[in-house]
Amino acid sequence: MRLSWRDVTTLTAFPCFIALGQVLFKLTAAHAIGKSAGAALGSVIAQPVFYGALAVYALGTLMWLWILSRYSLTIAYPFAAIALVAVPLLEVLFFGVHTTAPYWIGLALVVCGVLLVTHSRITERKPLE
């Protein structure tokens with residue numbers, strides 16, 4: 001199966017929603033730091049960002065179902081791994097988290113593995129039946 005730019009864009013949108021949802025959940029969680037479970041829960045549910053995060057995740061879930069109705073799981077799932085890169089990048093950019101070189105090297109190895117798996121799957125030649 002050859003993937004068009006439209007396919008790649010569609011498959012890439014899902015992990016972007018997941019990454020955005022994670023950032024919104026992290027923003028929400030900041031309001032719960034140092035509070036008891038009850039107070040943290042009350043603080044979290046009072047945050048509009050929390051509902052934004054839930055909405056983004058709900059849309060992402062619906063998008064994932066739509067993707068799975070059109071693409072093989074072996075094609076779609078490796079694209080979900082884009083979130084493994086996007087989330088740490090967003091955390092570094094928005095929250096100032098510091099990571100080490102070994103972390104990024106490990107992440108690069110994961111990305112290389114995903115690329116190999118994806119490439120092998122989309123260039124498979126199926127025998128004529």
With a 1.4 Å probe and all protein chains in place, put Trp64, Trp5, Trp104 in order of accessible area, largest first.
Trp5, Trp104, Trp64
With a cut-off of at most 12 other beta carbons within 10 Å, and DSSP calling the residue loop, which trypsin sites (Lys or Arg not before Pro) in region 32-129 qualify? Please list them.
Arg70, Arg125
Cα-based helix-to-principal-axis angle, 101-122 vs the chain, degrees rounded to 10:
40
Computed ³J(HN,Hα) along region 30-42: with the Karplus parameters 6.51/-1.76/1.60, θ = phi - 60°, integer Hz and x for glycine or proline, the list is 4, 7, 9, 4, x, 9, 5, 4, x, 5, 5, 4, x
Please calculate how many Å² of accessible area region 42-118 carries per residue, with a 1.4 Å probe and no DNA, RNA or ligand atoms counted.
61
Find how many whole Å separate the alpha carbon centroid of region 1-56 from the alpha carbon centroid of region 64-124.
17
If DNA, RNA and ligands are ignored and the probe is 1.4 Å, what is the ranking of Ile18, Ile75, Ile33 by accessible area, most exposed first?
Ile33, Ile18, Ile75
What's the long-distance tail for region 44-92, i.e. % of Cα pairs beyond 12 Å?
71
Largest-first principal axis extents of the Cα set of the chain (Å):
63, 36, 23
How much of the accessible area of region 1-64, in percent, comes from carbon and sulfur atoms when a 1.4 Å probe is used?
73
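The values are calculated or read from the model by the stated rules, or taken from the named source; none is laboratory data. Not measured: the values here are computed from a predicted model. Counting neighbours? That spans all protein chains shown, and the Cβs are built from the backbone with ideal geometry, glycine included. Areas reflect the complete protein model, heavy atoms only, side chains present, ligands, DNA and RNA absent. Shrake-Rupley method; radii C 1.70, N 1.55, O 1.52, S 1.80 Å.
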